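Have a look at the structure below, then the notes.
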Amino acid sequence: MAELALRNLVKYYGSVHAVRDVSLTVQSGELLCILGPSGCGKSTTLRMIGGFETVDGGDITIDGRSITGLAPNKRPTAMVFQKYTLWPHMRIWENVAFGLKLRRLPHATIAQKVGDALEMVGLPETAKRYPNQLSGGEQQRIALARALVLEPKVLLLDEPLSNLDARLRVRMREEIKRIQRRTGITSVFVTHDQEEALSIADRIAVMSKGVLEQLDTPSRIYAQPRSLFVADFIGTMNVLDGTYRHATQSLEVAGARLSVPGMSWPDGQALRVAIRPEDLQPVEHDSSIGFFGRVDVVMDLGHFRQVELLLESNKSLKVFVPKERHITSGELLRVTPTRCLAYAGNDEPVEIIFTREPARSL
Ligand code: ADP
């Protein structure tokens, strides 16, 4: 068991400021996902932890001891890369044993550990085969065995599933989660796939442009995004411009008035209002309520439909409508929010729950 900490980590590539003052702690036994769009600095951060990139500022510690100056093979870390980097001319057994042989362990110990590692990833029967005799998913499991056999304190995974097809990716992430739980190994998993991160992570570190935007549990990342970037990046979100009106204690947003009593914003404060599609509910038989528009696109998403509602203000809203409600393109629809987040500048968002008063149409 080991705790990994990054303190004010900085990385430049020439004039590109790839990682900006990132600090975070990965608890012992935790699986942390670093999530963000392409180019946000995820891999650079991971590679610095593994020792494959130099560090321009800050410190990396494992159990309180700095590893920042150590070569990759001197660190108690092991990395699984995006492309299964098995050696094609070696049998699977040799591939997994390689790192242990470098450590000059007795043969019997190596045999035992390699056997255990292959069992762990569920592929003991592949020992005598060559990598090209295995499927992509199997090769990636062997790459995982090769990392685990070294008994690292921290396991690093750099988009390990991105070369696999969609179904296999889902199976493999469950597999990785199971193995991580069983071994209790502190792990950092880099991905740009939010569904992957939301499904396997104990906590998610969302990055944007080299900055750590939020570090939180998957459910809090989804429900309480601290910045507009996170709100917009995770899941589906409607983001609308709004204005606070002190006299009526309300927000004017896209043709609707949302009652927000007791707020301390100045009159005329500009805000960005974020509403999840599932927090918008159709309103029947009341023409004074809510956002009003024409149903544009209807998409069937299994247990609900996603409706694109074109408002009079020319803005559009994504709304999740239960399957039972019949809905067709072209019909007029009113919806009212049950919950939203309001962002004023760079302030922390205010969560507003509309229990008593529904939104009024303007
Ligand atoms: P991510 O993993 O989130 O896609 P990276 O960490 O690979 O992002 O890259 C972060 C930024 O640093 C990007 O702007 C990328 O172009 C730049 N970058 C990454 N590696 C290098 C490199 N070896 N040389 C120059 N720029 C790089």
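The values are calculated or read from the model by the stated rules, or taken from the named source; none is laboratory data. Quantities reported herein were computed from a predicted structural model and do not represent experimental measurements. So basically every Cβ, Gly included, is an ideal-geometry build from the backbone, and we count neighbours across all protein chains shown. All accessible areas refer to the heavy atoms of the entire protein, side chains included, with ligands and DNA or RNA removed. Shrake-Rupley method; radii C 1.70, N 1.55, O 1.52, S 1.80 Å.
Miscellaneous remarks
- Quotient of C-alpha Rg and 2.2 N^0.38 Å, computed over the chain: 1.22
- Rounded, prolate or oblate (a/c below 1.5 giving rounded, otherwise prolate when a/b exceeds b/c) for region 113-204 by Cα gyration tensor: oblate
- Built amide H within the under 5 Å cut-off of Thr217, gap 5+: Ile204
- Mean projected area (nm²) of the alpha-carbon convex hull when region 231-282 is viewed from all directions: 4.1
- The calculated Kirkwood hydrodynamic radius for region 188-240 is 11.2 Å, given to one decimal from all distinct C-alpha pairs.
- Karplus 3J(HN,Hα) series, Hz, for region 189-202 with 6.51 cos²θ - 1.76 cosθ + 1.60 (x for Gly, Pro): 10, 8, 8, 9, 9, 5, 5, 4, 5, 4, 7, 10, 7, 6
- Dipole magnitude for the chain: about 1320 debye, using +1 per Lys or Arg Cβ and -1 per Asp or Glu Cβ, origin at the Cα centre.
- Using the 1.4 Å probe convention, the accessible area of the chain works out to 47 Å² per residue with neighbouring protein chains retained.
- Per-residue HN-Hα couplings for region 312-319 [Karplus 6.51, -1.76, 1.60; θ = phi - 60°; Hz; x = Gly/Pro]: 5, 6, 6, 7, 10, 10, 8, 10
- Candidates Asp347, Asp59, Asp279: whichever shows maximal mean-square fluctuation once the chain is modelled as a Gaussian network with Cα springs under 10 Å: Asp347
- The charge dipole of region 236-361, taken about its Cα centre with unit charges on the Cβ of Lys, Arg, Asp and Glu (plus for the first two, minus for the last two), comes to roughly 100 debye.
- Largest GNM mean-square fluctuation among Met79, Met237, Met299, using the chain with Cα springs under 10 Å: Met299.
- For Thr54, the solvent-accessible surface with a 1.4 Å probe is about 100 Å², rounded to the nearest 10.
- Across region 108-123, computed HN-Hα scalar couplings (Karplus, 6.51 cos²θ - 1.76 cosθ + 1.60, θ = phi - 60°) run 4, 5, 4, 4, 5, 5, 5, x, 4, 5, 5, 4, 4, 8, x, 10 Hz from first to last residue, x flagging Gly and Pro.
- Take every pair of alpha-carbon atoms less than 8 Å apart whose residues are at least six positions apart; their mean separation over the length of the chain yields a relative contact order of 15 percent.
- Note on Arg141: accessible area approximately 50 square angstrom, rounded to 10, probe 1.4 Å, nucleic acids and ligands left out.
- Cα shape, region 210-362, gyration tensor, a/c 1.5 rule: oblate
- Choice from His107, His192, His17 with maximal GNM fluctuation in the chain (Cα, 10 Å cutoff): His107
- Ser361 - accessible surface, heavy atoms, 1.4 Å probe, Å² rounded to 10: 40
- Here region 149-282 has 47 percent of its accessible surface on carbon and sulfur atoms, given a 1.4 Å probe and all protein chains in place.
- Shape category assigned to region 226-314 from the gyration tensor of Cα positions, a/c cut at 1.5: oblate
- Ordered by solvent-accessible area of protein heavy atoms (1.4 Å probe), largest first, the residues Leu341, Leu310, Leu228 come out as Leu310, Leu228, Leu341.
- The length gained by stretching the chain between Arg294 and Asp116 to full extension, at 0.36 nm per residue less their Cα-Cα distance, is 58.0 nm.
- A 1.4 Å probe over all protein chains sorts Val170, Val230, Val16 by accessible area into Val16, Val170, Val230, starting with the largest.
- Candidate residues Phe52, Phe189: accessible-area rank, largest first, probe 1.4 Å: Phe52, Phe189
- Between the amide H of Arg305 and those of Val321, Lys323, distances stay under 5 Å, these residues lying 5 or more places away or on another chain, with hydrogens modeled in the peptide plane.
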